[in-house]
Amino acid sequence: MRELMESLLLWTVALTGYEQPGKLPVIEAVSQQHLIQTLCGNQHCTALAYYDTDTQTIYYDERMRLEHNQSARSYIVHEMVHYLQDLNGELLPTMHCEERIDKEREAYRIQQHFLHEHQQPASQIEMAIVLLANVCKHHDAAE
């Protein structure tokens, strides 16, 4: 598994232009319930992975079969973009909504490229990118 993660990180570095870090992030499989509790406040959601800046850990749904599934791997690539952004000082707690969305768009674009390169459908990613356009409008209206 380490070899797979190293190759995914190299691939992500090549596409983003960020410098190669000296180490892999911690990558940990967790239950879907853990993802729901952490990301969605115990409300149903479809989260499959996330990057935690405090621990520099990528958490992913333990049901994903990374060894044989390019689509599942694409979520790790997405989170590795956030890891690289973090190492480069680009993920700050004081960021405005638009700045956060720009970082998310970058991760989705790299994930989309990964899927296309591996001849996998990317329609969910394309839809997510479209939906990001309205996130800050809804965020600002809620405040």
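Every read-out reported here was derived from the displayed coordinates using simple, explicitly stated rules and does not represent laboratory data. Keep in mind that this is a model prediction, so the values were computed, not measured. Here the Cβ positions follow ideal geometry from the backbone for every residue, glycine too, while neighbour counts run over all protein chains shown.
Odds and ends about this structure:
- Looking across segment 46-68, the residues that are more than 16 Å from L92 (Cα to Cα) and part of a loop (DSSP other than H, G, I, E, B) come down to T46, A47, L48, E62, R63, M64, R65, L66, E67, H68.
- Index of the failed condition, I36 passing every other in (1) part of a helix (DSSP H, G or I); (2) under 20 Å from Q119 (Cβ atoms): (2)
- Test: residue in segment 2-13 that is touching a strand residue (DSSP E or B) at 6+ places or on another chain (Cβ under 9 Å), among the hydrophobic types (A, V, I, L, M, F, W, C) and either assigned to a loop (DSSP other than H, G, I, E, B) or free of Cβ contacts under 8 Å to residues at least 40 places away in the same chain (or both): no
- Of the residues making up segment 51-86, those that are touching a residue at least 24 places away in the same chain (Cβ under 8 Å) and either on the phi > 0 side of the Ramachandran plot or charged (D, E, K, R) (or both) are Q56, D61, E62, R63, E67, R73, E79, D86.
- Matching residues, segment 32-56, being surrounded by 12 or more Cβ atoms within 10 Å (Cβ to Cβ) and more than 11 Å from the chain's Cα centre (by Cα): Q32, H34, L35, I36, Q37, T38, L39, C40, C45, T53, Q56
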